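Reading through the structure tokens given below for one structure.
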Amino acid sequence: MEFPSYSVPTVLQNAAILTIILAFAGYLITFLSARMLARRRDKLRLVNKRLNEFYGPLYVASEAGNIAYRALLNRQGKEKSDPILDSEMKDWMLWMTTIFMPLNDIREKIIIQKAYLVVEERMPQCLLDFVTHVVGYKAVLAKWAEGNYGERRSTIGWPPEFDVYVKRSYAALKAEQTNLLHSALWRIFHKVFNYKRSR
């Protein structure tokens, strides 16, 4: 009886080599997936920090300020606050000191103390303009406290890009947070389901 051309030790050697290759591949896959999960976890931690400590509070304070501002204008039957008439001055001072400036102070404090959480590499100009606007109002309120009502508004105007920036940044971070919280399988299912629903 003749044995096949391959020998038993060669088969065992091949099996051992295959086992080593599979073990190494398993280790490599485990290492890479652990590394990807760690990066994802770190990224999620940063996104959460930005949302919880910077963009979230900034967004809420800005929305509250906008709602209050529109309510005052509606009450006065105006489209915009400028000019502030003598008959409106008492209301303007009340709203400015009890609603608008406290909200401005909250936003200014967030921007100054948490500037390191800004998404961009450089501080957006609209944030700097907002802080300057608030500082201008602090001077106006100091004059009001002394009985001088000659100035009614900050000499530094409201930056129109500020609200757009805050809303856009908050929405982008919330979308990124949702993306990081869900697995790739969930995102594929969600895309397919939404695509079919939109047809």
Read through the labelled values (i) -0.58, -1.04, -1.21; (ii) -0.49, -1.03, -1.25; (iii) -0.64, -1.07, -1.22 and report the label of the one computed as log10 I(q)/I(0) by the Debye sum over Cα atoms at q = 0.10, 0.16, 0.18 Å⁻¹ from the structure. (iii)
Fewest-first sequence of 133, 182 by Cβ atoms within 10 Å of each Cβ: 182, 133
Separation between the residue 98 and residue 25 pseudo-spin-labels, each 7 Å from Cα along Cα→Cβ, expressed in nm? 7.3
Just subtract the alpha-carbon distance of residue 66 and residue 158 from 0.36 nm times their residue separation and send over the number in nm, one decimal. 31.9 nm
Mind checking the full-extension length gain between residue 12 and residue 114? Use 0.36 nm per residue of separation minus the Cα-Cα distance, one decimal, nm. 30.4 nm
List the relative contact order of segment 43-177 as a percent without decimals, with contacts defined as Cα pairs under 8 Å and 6+ residues apart. 35
Full extension from residue 80 to residue 35: what is 0.36 nm times the residue separation minus their Cα-Cα distance, to one decimal in nm? 10.8 nm
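The numbers here are math on the coordinates, done by the rules we state, and not lab data. The model shown is predicted, which means the values in this text are computed figures rather than measured ones. Cβ atoms come from the backbone with ideal geometry, glycine included; neighbour counts cover every protein chain shown.
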